[in-house]
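Have a look at the structure below, then the notes.
Taken together, the values in this text are just the output of simple stated rules run on the coordinates, not laboratory data. Here the structure is a predicted model, which is why all the values come from computation and not from measurement. Positions of Cβ are generated from backbone atoms using ideal geometry, with glycine treated the same way; all protein chains shown enter the neighbour counts.
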Amino acid sequence: MATTAAMIREALRLQRDGHVPEAIEAYRQVLLRDPALPDCWFNLGFLLRHGRHYEQALACYQKALEHGVAEPESARLNRAVIYADYLRRDDAAERELLAALELNPGYVPAMLNLANLHEDRGRREAARVLYARAFAVDPACFLALARYANLQLAVDGDESLPARLRLALESPVATLSEHADLGFALGRLLDQAGDYPAAFAAYARANRDSRATRPAAAHYDRAAQESLTDRLIATSLPSSLPPPVSAGPRLVFICGMFRSGSTLAEQLLAGAPGVAAGGELDLIPAAVATQLSPFPEALQRVSSAALGQLADEYRQSIVRLFPGAQLVTDKRPDNFLYIGLIKTLFPEAKIVHTIRDPLDTCLSTFFLHLDHRMNYALDLLDTGHYYRQYRRVMAHWQQLYGDDIIAFDYDHLVEDPEGAGAALCAALGLPWDRAYLDFPRADRSVKTASVWQVREPLYRRSSGRARHYEQELAALRESLADLQPVRAAVP
């Protein structure tokens with residue numbers, strides 16, 4: 001019989017090699033033999049979290065704490081991330097982060113996460129205080145400085161911040177990833193100040209630095225994106241599933257290009273009674289990456305039973321995350337790739353397709369520090385190429401699903417908020433109240449890169465933003481010149 005030490009070594013090997021189910025089982029066997037091993041509980045919690053078994057992961061981290069895990073603040077932090085990012089229980093996440101800081105007042109990761117949670121909940125000053133504290137504790141934490149700068153409003157008048165960001169960019173200890181964080185923050189301040197040439201230069205440098213840190217596999221492949229679009233259009237979809245037997249919340253999927261107004265659309269709808277803003281749920285992309293890989297080819301051979309199970313799992317997740325909601329919005333912009341799947345699983349679902357001026361959309365995408373999975377965002381012409389492929393596939397879905405896809409125009413919204421908001425609600429069968437435009441309410445968490453823009457009153461300065469960058473956008477404008485405008489179903 002293997003010794004406990006040998007069993008732990010094998011579990012670690014499986015974890016290191018990425019064999020997640022096998023590693024989970026190995027740790028469980030270790031803990032059956034000796035349940036007082038805090039590091040094994042911690043590692044099991046980590047694996048269960050990444051396997052999407054969130055409640056079980058919470059229990060494992062708690063066991064690690066009970067058995068005296070070293071650096072308990074790290075276990076608290078991991079519990080907080082699960083509560084905030086996956087279970088939408090921000091109060092519980094805040095308690096865990098405060099507990100972590102009570103254990104270790106100088107624990108910068110907890111400060112950063114708590115500040116980010118404050119941002120989600122609209123607590124600007126509380127977030128600023130924590131970012132400043134984190135940077136004071138660790139002057140090499142350039143992420144804290146960048147996030148602090150991103151909270152500055154034009155009315156704040158702190159003229160020292162651009163200089164501080166530039167000084168940090170010259171630091172020999174700042175990594176390229178930190179250069180990107182600082183550069184995007186600097187670009188935002190310069191754009192806000194109206195120094196557009198310097199702003200574009202800062203954003204361009206930030207994107208170059210971000211490109212330099214991405215893995216080779218994250219390179220944007222134009223041919224691959226065109227192939228995916230071709231295959232999505234050519235793939236025959238399975239028959240749509242029948243409506244669910246048991247009543248549940250209505251589903252509305254809000255999608256389109258990043259930076260096209262999806263957060264505004266969701267927060268407007270969230271003002272209506274019984275509507276829960278789901279935010280950027282990863283449930284559909286996760287199903288595509290696992291049960292339906294390779295996609296979309298797997299759709300041609302998947303059984304109706306498997307599709308039914310996927311639909312049931314999605315609905316169960318929605319009910320668990322948003323108990324009592326009558327309608328839930330899933331605002332994952334890149335779900336536009338999966339509209340065929342969505343309408344197969346949920347034929348009664350409505351799709352809100354957010355649209356915006358193409359140049360404004362692409363420029364705002366280039367100016368946003370997105371995850372490397374959105375690899376097209378790091379180069380303006382790649383963004384333009386991706387935009388063309390998005391338009392191709394959306395035209396295909398529009399042909400298939402007609403009025404079930406509701407095009408909602410950001411530029412019309414900022415011109416006529418009440419008219420556009422009322423029309424969107426009418427299209428979805430929701431009552432209208434002008435109070436829906438006062439969003440988001442203070443108690444509503446917003447988990448998106450647009451967290452602060454959506455907390456401001458509707459403004460026009462982002463509509464037509466590209467006019468400030470005429471020379472820099474010349475090549476992009478030429479690449480998109482032949483595209484016809486999308487007709488908005490909801491003006």
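Note down the net charge around residue 19, summing +1 for each Lys or Arg and -1 for each Asp or Glu among other residues with Cβ under 11 Å from its Cβ.
Net local charge, residue 19 excluded: -2.
How large is the helix-only mean residue ellipticity at 222 nm for the chain, computed as the sum of -39500 (n - 2.57) over DSSP H runs with n ≥ 4, divided by its residue count, in deg cm²/dmol to the nearest 500?
Roughly -16500 deg cm²/dmol at 222 nm, from the helical runs in the chain.
Tally Lys/Arg at +1 and Asp/Glu at -1 over every other residue whose Cβ is under 13 Å from the Cβ of residue 100; what's the total?
Working: positive: 76, 79, 95; negative: 71, 73, 94, 96, 102.
Around residue 100, the charge tally is -2.
What label, among (1) 26.4, 95; (2) 24.0, 86; (3) 23.6, 74, belongs to Rg and Dmax of the Cα atoms in Å computed from the structure on display?
Of the listed options (1) 26.4, 95; (2) 24.0, 86; (3) 23.6, 74, (3) comes from this structure.
I need 19, 412, 179 ordered by Cβ neighbour count within 10 Å, fewest first.
By the 10 Å Cβ count, ascending, the order reads 19, 412, 179.
Rounded to whole Å and sorted largest first, list the principal axis extents of the Cα atoms in region 224-479.
Principal axes ranked by extent give 54, 44, 30 Å for the Cα atoms.
If the cut-off is 13 Å between C-alpha atoms, which aspartates and glutamates fall inside it for residue 63, apart from same-chain ones fewer than 8 positions away?
Residue 63 reaches 34, 39, 55.
Tally Lys and Arg at +1 and Asp and Glu at -1 over the other residues with C-beta under 13 Å from the C-beta of residue 333: what net charge comes out?
My count for the surroundings of residue 333 gives -1.
In which sequence would 257, 7 go, from the one with the fewest C-beta neighbours within 10 Å to the one with the most?
Lowest to highest Cβ neighbour count: 7, 257.
Could you give the Stokes-Einstein D for region 297-398 in µm² per second, using the C-alpha Kirkwood radius, 25 °C, 0.890 mPa s?
154
Roughly how many debye, to the nearest 20, is the charge dipole of the chain about its Cα centre, given +1 on each Lys and Arg Cβ, -1 on each Asp and Glu Cβ, and no other charges?
Details: 53 positive and 61 negative charges, 93 e Å.
Using only the charged Cβ atoms, the result is roughly 440 debye.
Hey, fewest Cβ within 10 Å first, where do 393, 319 land in order? Each step should come with its number before you reach the end.
Working: 393 19, 319 15.
So the ranking, lowest neighbour count to highest, is 319, 393.
Roughly how big is region 224-479's charge dipole about its Cα centre, with Cβ charges of +1 (Lys, Arg) and -1 (Asp, Glu), in debye to the nearest 20? Mind showing how you got there, number by number?
Values: 25 positive and 30 negative charges, 67 e Å.
Dipole size: approximately 320 debye.
To the nearest 0.05, how large is the calculated FRET efficiency for residue 246 and residue 201 if R₀ is 60 Å and r is the Cβ-Cβ distance? Mind showing how you got there, number by number?
On the way: r = 56 Å, r/R0 = 0.94.
Efficiency for this residue pair is about 0.60.
I'd like to know which of 485, 193, 152 lies farthest towards the positive end of the charge dipole of the chain, counting +1 on Cβ of Lys and Arg and -1 on Cβ of Asp and Glu.
485
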